[in-house]
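Single-structure report; data block below.
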Amino acid sequence: MVRQDIKIYPDPVLKKNSEEVKKVDDNTLALIKDMLEIMKEAGGIGLAAPQLGISKRIIVLSLKEKSFDRLALIDPVIEFFSKETVFMEEGCLSLPEINAKVERSLKVIVKGITRSGRLVEINAENLLARVLQHEIDHLNGVLFIDRLGSQEKKGVENDLEALYKRYSALTH
Ligand code: CO
């Protein structure tokens, strides 16, 4: 699999609400394997199935911390958002070369199913909490650019316009 498999803004699949997986079968496992491979190849630390054009509630992450290296979560749900928020610069494999500061909860608690079918609860903070929020947003058709303040939004306008033009040229 190669980088081109990643859907780029404004591909409409990125705006879709994804469906629950419920059952971890061979197809799910094969998809997770592809997702991990593509994420690694693209140098990302997180990837959601809709970014490959598949509207299923699956995310993968790869953080340095051992238990979160190559972690896949099926049907993840954020059960708790801390009131305390932080701004941090984000990027997205579906928004190449665009970065902006996004405000998100410092801590979250996420429930989800692992590849082995085990229900887990993750108490996340800092970068892990951020990646989980970013990836789970993808499952709801939300991109980080949808969460920018007006100032930050202005800063990425031209880059978004360029992606829009590129997409139109590719699809017409
Ligand atoms: Co993303």
Would you tally the residues in region 131-146 being closer than 22 Å to Glu19 by Cα and part of a helix (DSSP H, G or I)? 11
If we take region 22-90, then strands (runs of 3 or more DSSP E) inside it with 1 or more residues that are surrounded by 13 or more Cβ atoms within 10 Å (Cβ to Cβ) and at positive phi are 69-81
Tally up the residues in region 119-152 that are at pLDDT below 95 and either among the charged types (D, E, K, R) or in contact with a helix residue (DSSP H, G or I) (Cβ under 7 Å, 6 or more places away or on another chain) (or both), please. 1
Taking the criterion of being exposed (fewer than 15 other Cβ atoms within 10 Å of the Cβ) and of a type in the set (Val, Ile, Thr), would at least one residue in region 139-146 satisfy it? no
So which of Leu148, Leu61 ends up being touching a residue at least 40 places away in the same chain (Cβ under 8 Å), of a type in the set (A, V, I, L, M) and closer than 27 Å to Thr28 by Cα? Leu61
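Residue by residue, here is whether (1) within 16 Å of the ligand (Cβ to nearest atom); (2) surrounded by 14 or more Cβ atoms within 10 Å (Cβ to Cβ) holds:
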{"site": "Lys107", "(1), (2)": "no, yes"}
{"site": "Gln151", "(1), (2)": "no, no"}
{"site": "Asp159", "(1), (2)": "yes, yes"}
{"site": "Lys165", "(1), (2)": "no, no"}
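The values are calculated or read from the model by the stated rules, or taken from the named source; none is laboratory data. Since this is a predicted model, take the numbers as computed values, not measurements. All Cβ positions, even for glycine, are placed from backbone atoms using ideal geometry, and neighbour counts span all protein chains on display.
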